[in-house]
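Below is one structure; the comments refer to it alone.
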Amino acid sequence: MKIKIIKTLLLPVIILAFSACRNASEETEITSEEIQQETAQLNLFFEEEFQKDLADSPMLQTRLGIKTNYDSWDDFSHLRYADDLKKARQRLDFLKDEINPEALEGQAALSYKLYRQQLENEIEDYDFRLYNYPVNQMFGVHAQLPAFLINMHKIDSVSDAKAYIARLNKIPAVIDDVIKGLELREMNQIMPPAFVFAQTVEASQNLLQGRPFEKSAEASTLLEDFRSKVEKLEVPDAQKDKLILEAQEALLTSVKPAYENLIAKLKDQQQRATADHGAWKFPKGKAFYENALKRTTTTDLSAEEIHEIGLSEVARIHKEMEDIMKQVGFDGSLKDFFQFMREDDQFYYENSEEGRQQYLAEAKAAINKMKGHLDELFLTQPEADIVVKAVEPFREKSAGKAFYQQPAIDGSRPGTYYANLYDMEAMPTYQLEALAYHEGIPGHHMQLAIAQELDSLPMFRKLGGYGAYVEGWGLYSELVPKEIGFYEDPYSDFGRLAMELWRSIRLVVDTGIHSKKWTRDEAIDYYVQNSPNAESDAVKMVERHIVMPGQATAYKIGMNKILELREYAKKELEEDFDIREFHEVVLTNGSVPLNILEELVVEWVNNKKA
């Protein structure tokens, strides 16, 4: 540090003494060798820091197909926040002091900009580190742990089975850290509203149903998962039986008391929970929410601006829906048409196993049909395949309507489109097509699988993501098939519009709840009055808004930006515009903030024009 101070003091003298020389050489170009050296140093830094993060995260290791710490969980303690802040500051200091961004080009320059921005945001957001609900109906730890074991922990050997049992036995430590975090948040006036507790308690209790927790013909969710995986091992039956008995013991002596402790804590906090639903109730709640919107949308749009965009989009889409209503010859108002779409049996499969299988088959067919048209739209296409699954029974009641799980980076697991078929009335057939395109192809699967397979990107860019980019692409991907002749059934096209409408309403309702102090009932009513979706959809969505402030604004803001950039490129390039090249720019740089995406598209346009 002393050397740096001396250099700073001497700098003005040097400048005065050699001003004439500097003027003559100030435009000296950086050599290709310097660019290579700086890029190599930066990429080495990215890899070393990623390896440190990977070593600290057994769960990320498992997701990547690595079994180094296969018997362990991540650190769920609130104490890690201070360590993460220290790490972020050290990394930012390195970028500032040791890397010359002027000697970087292409992906290296973009990686530097993205990583530095992430670190600066992480440091800035430290004050809001407790402003979340670790146990909630959308993604709480209580559901995350069993879902992780079921979906991520493969058992290919006896040692893998032993690691699964070890993870069961380490759940009490995780839950204990989570409970301490809940208590700390309550001390800081951060606690979920009352309705959240009933759902999380029920979901936690569901995990303790069946053998070995109670006398039952059916095994519990985790025991059945473990048993079915172990049964496939090529080892003696006696060894399989021994492993299953060990798992039962871990479930009874570790998992059961841990979840009972969590349930007791949730019931305790439930007594003090209120019906205040918005982030405005937090200390510095307004500042937190505006920051959450900034991070989610990667824009500087205010809550009021986002609210107004939502109102405008709702009005536009209603008009397009009225056009379809006329096309199909419906006699009545738009609200009447919404009611017809909600209630007519022709738009729903039976609420039975047969109906669920029929839905999954249709979703697979829609994705397979789109696969045959990818060459019209894309240059780069993913190697990873995609499968369609129903959300597992243990979490289907509280999970979202549909979601995508990206493939394993080593190719050992395909991408998965999960459809929640718990309530078939919430999954109308007229939305089936658009939902499959959003979550599958050309939506999240194209985007996330391609990003993982790009050799030119450091791992933090392959695995990271920006909601406005990711979900904006997903919503944009619902529209693209229409432009190449899909949605031949006008009711399916109505379904596409219904889903875009839903995302537009989100802008209105999210800001309504967290900025304008709307009640839960007011928010639900706005959805019901302005969309054809089932009321159960509206309830789930509003409850999602409440526990994830700002998150749901990503979709429509992101889609609007992608469409805006496409129109800009079309206008600038005219007959030289190629949709495949535009998608190449959008997808082959990985997930980026919207302002960076704009820079990339403008650069592509300028290069083509040149």
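Residues that are in contact (Cβ under 8 Å) with a residue 40 or more places away in the chain and over 23 Å from the mean Cα position of the chain (by Cα): does segment 537-554 have at least one? Reasoning before the result, please.
Here is the first cut: in segment 537-554, the residues in contact (Cβ under 8 Å) with a residue 40 or more places away in the chain are 537, 540, 543-544, 546-554.
Filter once more, keeping what is over 23 Å from the mean Cα position of the chain (by Cα): none.
No: zero hits.
Find the helices (runs of 4 or more DSSP H) located wholly in segment 216-332 whose residues include 2 or more that are surrounded by 18 or more Cβ atoms within 10 Å (Cβ to Cβ) and polar (S, T, N, Q), and list them. First the steps, then the outcome.
Numbers: elements: 221-230, 237-250, 256-270, 285-297, 303-327.
Filter on segment 216-332 gives 285-297.
The rows are residues; the columns are (1) on the phi > 0 side of the Ramachandran plot; (2) under 20 Å from the mean Cα position of the chain (by Cα); (3) acidic (Asp, Glu).
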residue	(1), (2), (3)
394	no, no, no
407	no, yes, no
415	no, yes, no
423	no, no, yes
428	no, no, no
442	no, yes, no
449	no, yes, no
491	no, no, no
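Could you figure out which of (1) surrounded by 24 or more Cβ atoms within 10 Å (Cβ to Cβ); (2) touching a residue at least 40 places away in the same chain (Cβ under 8 Å) isn't true of residue 502?
Failed condition: (2).
From 238, 287, 217, 273, which residue is at pLDDT below 95 and either within 28 Å of the chain's Cα centre (by Cα) or not hydroxyl-bearing (Ser, Thr, Tyr) (or both)? I'd like the intermediate steps shown before the answer.
Details: 238 fails: at pLDDT below 95; 287 fails: at pLDDT below 95; 273 fails: at pLDDT below 95.
One residue alone meets the criteria, 217.
Run residue 510 past the list (1) touching a residue at least 40 places away in the same chain (Cβ under 8 Å); (2) under 30 Å from residue 286 (Cβ atoms); (3) surrounded by fewer than 20 Cβ atoms within 10 Å (Cβ to Cβ) and report the number of the one that doesn't hold.
(3)
Which one is nearest to residue 449 (Cα to Cα), of the residues in segment 353-382 that are touching a residue at least 40 places away in the same chain (Cβ under 8 Å) and among the polar types (S, T, N, Q)?
381
Being of a type in the set (S, T, N, Q) and more than 24 Å from residue 405 (Cα to Cα) is the filter here; which residues of segment 118-172 pass it? Please lay out each step first, then the result.
First pass over segment 118-172, keeping only residues of a type in the set (S, T, N, Q): 118, 121, 132, 136-137, 144, 151, 157, 159, 169.
Scanning segment 118-172 gives 121, 157, 159, 169.
Does segment 359-369 include one or more residues that are farther than 24 Å from residue 498 by Cα, in the same structural domain as residue 448 (by TED's automatic domain parsing) and basic (Lys, Arg)? Quick ask: steps written out before the conclusion?
Looking only at segment 359-369, we keep the residues that are farther than 24 Å from residue 498 by Cα, and these are none.
The answer is no, given that none of the residues of segment 359-369 is farther than 24 Å from residue 498 by Cα, in the same structural domain as residue 448 (by TED's automatic domain parsing) and basic (Lys, Arg).
State whether one or more residues within segment 440-457 are under 19 Å from residue 396 (Cβ atoms), assigned to a helix (DSSP H, G or I) and touching a strand residue (DSSP E or B) at 6+ places or on another chain (Cβ under 8 Å).
There is no residue in segment 440-457 that is under 19 Å from residue 396 (Cβ atoms), assigned to a helix (DSSP H, G or I) and touching a strand residue (DSSP E or B) at 6+ places or on another chain (Cβ under 8 Å).
Determine, yes or no, whether residue 188 is under 30 Å from residue 126 (Cβ atoms) and surrounded by fewer than 14 Cβ atoms within 10 Å (Cβ to Cβ). Don't jump to the end; show me each part of the working.
Working: under 30 Å from residue 126 (Cβ atoms): yes; surrounded by fewer than 14 Cβ atoms within 10 Å (Cβ to Cβ): yes.
Judged against the criteria, residue 188 is a match.
Starting from segment 155-171, take each residue that is assigned to a helix (DSSP H, G or I) and list its partners that are of a type in the set (S, T, N, Q), counting only C-beta distances under 8 angstrom and pairs at least six apart or across chains.
What qualifies is 158/239; 166/72; 167/72; 168/254; 169/253; 169/254; 171/254.
Which residue out of 203, 198, 219 is closer than 20 Å to residue 394 by Cβ and touching a Lys or Arg at 6+ places or on another chain (Cβ under 6 Å)? Lay out the reasoning, then the answer.
Details: 203 fails: touching a Lys or Arg at 6+ places or on another chain (Cβ under 6 Å); 198 fails: touching a Lys or Arg at 6+ places or on another chain (Cβ under 6 Å).
Step by step, each of 203, 198, 219 is checked, and only 219 is closer than 20 Å to residue 394 by Cβ and touching a Lys or Arg at 6+ places or on another chain (Cβ under 6 Å).
Take segment 513-533 and flag every residue that is more than 16 Å from residue 310 (Cα to Cα), buried (at least 21 other Cβ atoms within 10 Å of the Cβ) and not polar (S, T, N, Q).
532
Exactly one condition in (1) at pLDDT 95 or above; (2) more than 23 Å from residue 67 (Cβ to Cβ); (3) of a type outside the set (A, V, I, L, M, F, W, C) is false for residue 137; which is it?
Going through the list (1) at pLDDT 95 or above; (2) more than 23 Å from residue 67 (Cβ to Cβ); (3) of a type outside the set (A, V, I, L, M, F, W, C), residue 137 breaks only (1).
I want to confirm something. Restricting to segment 201-214 and keeping residues that are surrounded by fewer than 16 Cβ atoms within 10 Å (Cβ to Cβ) and part of a helix (DSSP H, G or I), which single residue is farthest from the chain's Cα centre (by Cα)?
To start, the set of residues in segment 201-214 that are surrounded by fewer than 16 Cβ atoms within 10 Å (Cβ to Cβ) comprises 202, 205, 209, 214.
From what's left, part of a helix (DSSP H, G or I): 202, 205.
Values: 202: 24, 205: 26 Å.
Here the residue is 205.
Answer yes or no as to whether residue 76 is in contact with a Ser or Thr (Cβ under 9 Å, 6 or more places away or on another chain), surrounded by 17 or more Cβ atoms within 10 Å (Cβ to Cβ) and in contact (Cβ under 8 Å) with a residue 40 or more places away in the chain. Break it down into steps so the answer makes sense when it comes.
Values: in contact with a Ser or Thr (Cβ under 9 Å, 6 or more places away or on another chain): no; surrounded by 17 or more Cβ atoms within 10 Å (Cβ to Cβ): yes; in contact (Cβ under 8 Å) with a residue 40 or more places away in the chain: yes.
So residue 76 fails the test.
The values are calculated or read from the model by the stated rules, or taken from the named source; none is laboratory data. Note that this is a predicted model, so its numbers are computed, not measured. FYI the Cβ positions are ideal-geometry reconstructions off the backbone, even for glycines, and counts take in every protein chain you see.
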